[in-house]
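Working notes for the structure below.
The values are calculated or read from the model by the stated rules, or taken from the named source; none is laboratory data. These numbers were taken from a predicted model, which means no experiment stands behind them. Quick reminder, even Gly has a Cβ in these numbers, built from the backbone with ideal geometry, and neighbours come from all protein chains shown. Accessible surface areas use protein heavy atoms only, side chains included; no ligands, DNA or RNA. Shrake-Rupley method; radii C 1.70, N 1.55, O 1.52, S 1.80 Å.
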Amino acid sequence: MNTKPFTSGLGENAVLITRVADRQWHALDDDLVVGRAHAQHRPDGRLFVSIDAWHDVAFDRLAQAMLAELPSPLYTLVDEADVELTAGWRRAGFTIRRREWEYVVPTDPGVTGLDDVLPPPGVTIVPAGQVDESLLRAVDRAIRDEVEATVGWQSMPAEVVPRPEGDTIVDPSKYTVAAAPDRYLGLIRVVRVKRPRIGLVAVRAGEQRRGIARALLAHALGTLHHSGATAAWAEVQEPNQAASALFEGIGARPMSSNLELVR
C-alpha cells in the first residue's frame, strides 16, 4: 500500500492527508479518519472524484491533495439539495457543467396512458432476454455515433455501471429493442438493483417521431408493472426538452436534481 502524507496547518486543528491506495485518500485528525476521497474513471473515460468528510477543513485539504495529483479535467456529481457539498466543490474551483433531473415514473398503464400504445407498422418489440446481441451492439453503436456527431455523448446522463474498457453494452439481457425485419431501430435499458432504473431510451435519428420511444416505454413499464414494481426512475438532462416531454407526458414527475461539476 502506497502512502503519501500531505500536511497543511499545525496545532490541534492540523489534518494529515494520506494516499492509502491508488486514487484513494484519507484525512486523519489525531489518527481518527475524518474524511475519505476517491477518484474513478467512468465508462465514458472521464475522471470523477468524490469526497466524504466530517468538516470543511478535512474536505478542503482532501480536495487540495487530490487536485495536486490528478490530471484535469475532473468531474463530480452532487445532489443539488446538498448545499454544503456543492459549496465545498466550488471552493475547490469546480463550476456547474449541467443539471440532471431525476424523475419518478409510474408503471401502471392506467396512469401512464400507454396501455393501448403499439409500435408503428413494420416495427416489433423484442423483449429483454430475447435480443440478438450482434444487432443490439450495432444499433447501440449507430445511436452513439449519431449523438457524438451532434450534442456529444458527454451531454448524456452520467453512466456509472462498470464494464470492460470500450464495451458500451452493460448487459444484453437488460435491453428491450424495437426491431425492423433487418435491423434494430431503438432500445431501452432497464436495470433493477435497489429500484428499477431506466438507464437509456434511444432511437436512431432517421426513425424518430414515429412513436418508437413511447412503444418501448409502454413495453418496459408494463413489464415492471406486472412484476409488482409501482414506479421506475430516470435521469434527464435539463436542456433535453424532448426527453422531459416524453416522460412528463406519461405522468412522470421530477423529484430531485443532480449537478455535474467540472474543474
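The set of residues in the stretch 88-141 that are among the aromatic types (F, W, Y) and not in a helix (DSSP H, G or I) comprises F94, W101, Y103. For E102, the stated conditions hold: it is of a type outside the set (F, W, Y), at pLDDT below 95 and open to solvent by less than 70 Å² (accessible area, probe 1.4 Å).
Give the residues of the stretch 69-90 that are open to solvent by 70 Å² or more (accessible area, probe 1.4 Å) and modelled with pLDDT of 95 or more, sorted by residue number. The answer is R90, and nothing else. Could you list all residues from the stretch 17-54 that are in a loop (DSSP other than H, G, I, E, B) and open to solvent by less than 40 Å² (accessible area, probe 1.4 Å)? Of everything in the stretch 17-54, just one residue is in a loop (DSSP other than H, G, I, E, B) and open to solvent by less than 40 Å² (accessible area, probe 1.4 Å), namely R46. In a residue-by-residue description of the stretch 220-236, the property of being within 24 Å of A138 (Cβ to Cβ), touching a residue at least 60 places away in the same chain (Cβ under 8 Å) and touching a Gly at 6+ places or on another chain (Cβ under 9 Å) applies to no position.
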